[in-house]
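Here the structure is laid out as structure tokens; the discussion comes afterwards.
The values are calculated or read from the model by the stated rules, or taken from the named source; none is laboratory data. What you see is a predicted model, and the numbers here were worked out from it, not measured in a lab. Because the Cβ atoms are built from the backbone with ideal geometry, glycine has one as well, and the counts that use them run over all protein chains shown.
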Amino acid sequence: MPGLTLGDTVPNLEVETTHGKMWLHNYLGNSFTILFSHPGDFTPVCTTELGKMAAYERQFAEKGVKLMGLSCNDLQSHNEWIKDIEAYTPGSVVRYPIIADPNREIIKQLNMAEPEEKDPSGNQVPSRALHIVGPDKKIKLSFLYPASTGRNMDEVLRVVESLKKASEHKVATPVDWKPGEPVVISPSVSDQEAKKMFPQGFETVDLPSKKGYLRFTQVD
Ligand code: BEZ
């Protein structure tokens, strides 16, 4: 069976977290949520990643984005480890919940299992998976990194901005786009519609095909 992927609804699982037991859909609510797994507590790359996520939490919250971590350790381990995370990244406070999945059930249902890496007891561990879930509880974007490669939190922030722009306007973000830069108008929008939708105007790039499909505009 193919795993959870873009466009799929996140299953409404009951999860044990550092903030108590909850139903996933209740936590997701109507916000964007970053649901991210990591191979294990008290491991080096994960400690750096979760600290950075905590340091960026306010920036995500300002954009209306919630965070939720997951690894296959128990709650006691998570709570002990949080002290290390906060000590390693000065100024970080881990305010987001971390799911405890010691039986490795949730990682399978969320397509977060790492095929190669095992923990010291030979158990399967989660990959560095990161799903950005939309207000409709569907997966809008996924990263799937192996245990050996830490994620780039600036890239996570950047793609959140891109997803929000695309959900608010009929636009997409071009290569290497950064917040504040021009966006492109979706190909499904005709020039006539674009004139109404983007009264600030747009610029069509003159390409050899003369098809007029590369149109830049600026949206706030
Ligand atoms: C880490 O977080 O450093 C890590 C975890 C599992 C395998 C490799 C690295």
Being of a type outside the set (Phe, Trp, Tyr) and under 24 Å from residue 9 (Cβ atoms) narrows 171, 159, 175 down to just 159
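A quick yes/no check of all residues on (1) surrounded by fewer than 15 Cβ atoms within 10 Å (Cβ to Cβ); (2) more than 16 Å from the ligand (Cβ to nearest atom):
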{"site": "8", "(1), (2)": "no, yes"}
{"site": "30", "(1), (2)": "yes, yes"}
{"site": "39", "(1), (2)": "no, no"}
{"site": "43", "(1), (2)": "no, no"}
{"site": "51", "(1), (2)": "no, no"}
{"site": "55", "(1), (2)": "no, yes"}
{"site": "65", "(1), (2)": "no, yes"}
{"site": "102", "(1), (2)": "yes, yes"}
{"site": "113", "(1), (2)": "no, no"}
Could you list, in sequence order, the residues of region 118-137 that are surrounded by 14 or more Cβ atoms within 10 Å (Cβ to Cβ) and under 23 Å from residue 7 (Cα atoms)? 126, 127, 128, 129, 130, 131, 132, 133, 134, 135, 137
Looking only at region 80-123, which residues are touching a residue at least 40 places away in the same chain (Cβ under 8 Å) and in a strand (DSSP E or B)? 98, 99, 100, 114, 117
Counting only strands (runs of 3 or more DSSP E) wholly inside region 126-198, the ones holding at least 3 residues that are closer than 22 Å to residue 37 by Cβ are 128-133, 139-145
Counted residues, region 199-217 - those being part of a loop (DSSP other than H, G, I, E, B) and either in the same structural domain as residue 156 (by TED's automatic domain parsing) or touching a residue at least 24 places away in the same chain (Cβ under 8 Å) (or both): 2
